[in-house]
Amino acid sequence: GLVYYSVYENVCQRWEGAGIGASGIHLIAAAAGGLFSDIFRVPADTIRHRVQAYMHPNVFHAAQEIIQKDGIKGFYRGFTPTLMRDIPELALTFGTYEMLRNYCMKKEKGKKLQTWQHLLLGGISGAVAGIVTNPMDVMKCSIQTASVKMPLHVMAPELIRKQGLGLFVVGLGPRVAQLALQNACMFVMFEYLKSVIKPVTLREPDDRSFTWKITGKRRTHIWKAIVQLTPPFQYI
């Protein structure tokens with residue numbers, strides 16, 4: 001997450017004023033953030049999936065065998081499908097949340113949304129992303145746990161031939177539940193932290209008052225950095 005948001009913010013700042021519009025900038029930033037964060041995440045994912053599939057007794061045994069058989073590149077099995085899953089997933093999650101949030105705020109006539117509303121919107125956003133990207137997640141996990149190395153263009157037709165339309169629903173329930181809960185908590189926590197860190201000079205009448213240990217100057221600095229992260233967070 002730290003790598004993703006760091007790259008995302010950097011790309012947004014560098015491409016600002018490039019003439020491709022806010023949506024184009026955020027799409028490029030999401031792709032770059034997904035690419036760099038997956039460089040660190042895919043090796044851990046590969047080991048985790050192999051242990052969960054009972055291919056190895058523990059993570060140390062899994063890592064040792066991967067290095068012995070395939071070298072460092074063995075940790076990056078499924079890197080391409082992981083990118084093909086993560087970039088649309090991030091775009092759908094934040095895009096859906098922003099759309100639903102704006103719709104609800106219009107219904108509320110500009111009033112701040114309550115905690116349960118952020119929970120609901122975050123959950124829906126995560127569920128939508130989980131449903132749409134589930135087929136690619138299945139392919140990613142299959143490549144990472146295969147006994148022999150198999151590229152995406154070989155694995156995909158084989159999975160579709162064997163499972164047909166069932167491919168789209170394998171593990172769908174747990175994945176949707178995980179992403180719904182994860183994003184519900186994430187968006188609620190971010191909205192809470194925004195209200196805590198937000199400088200007094202930028203507060204609105206219906207903002208809650210919080211006593212925070214961060215000094216006013218430091219709080220303003222942090223707030224300016226946070227509001228540049230993603231499109232939904234630019235709306236106070």
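The values are calculated or read from the model by the stated rules, or taken from the named source; none is laboratory data. All values reported here derive from a predicted model rather than from experimental measurement. All accessible areas refer to the heavy atoms of the entire protein, side chains included, with ligands and DNA or RNA removed. Shrake-Rupley method; radii C 1.70, N 1.55, O 1.52, S 1.80 Å.
Annotations for the structure displayed:
- Rounded to the nearest 10 square angstrom, ARG85 shows an accessible area of 20 square angstrom against a 1.4 Å probe.
- Unit Cα scatterers, Debye sum, the stretch 66-178: log10 I(q)/I(0) for q = 0.11, 0.15, 0.16, 0.20 Å⁻¹: -0.48, -0.73, -0.79, -1.02
- A 1.4 Å probe run over the stretch 21-102, with the rest of the protein chains in place, finds 51 Å² accessible per residue.
- Distance from the alpha carbon centroid of the stretch 29-77 to that of the stretch 152-184 works out to 19 angstrom.
- Solvent-accessible area, 1.4 Å probe, carbon plus sulfur percent, for the stretch 33-160: 67
- Vicinal HN-Hα couplings computed from phi for the stretch 118-128 (Karplus, 6.51 cos²θ - 1.76 cosθ + 1.60; Hz; Gly/Pro x): 5, 4, 5, 5, x, x, 4, 4, x, 5, 4
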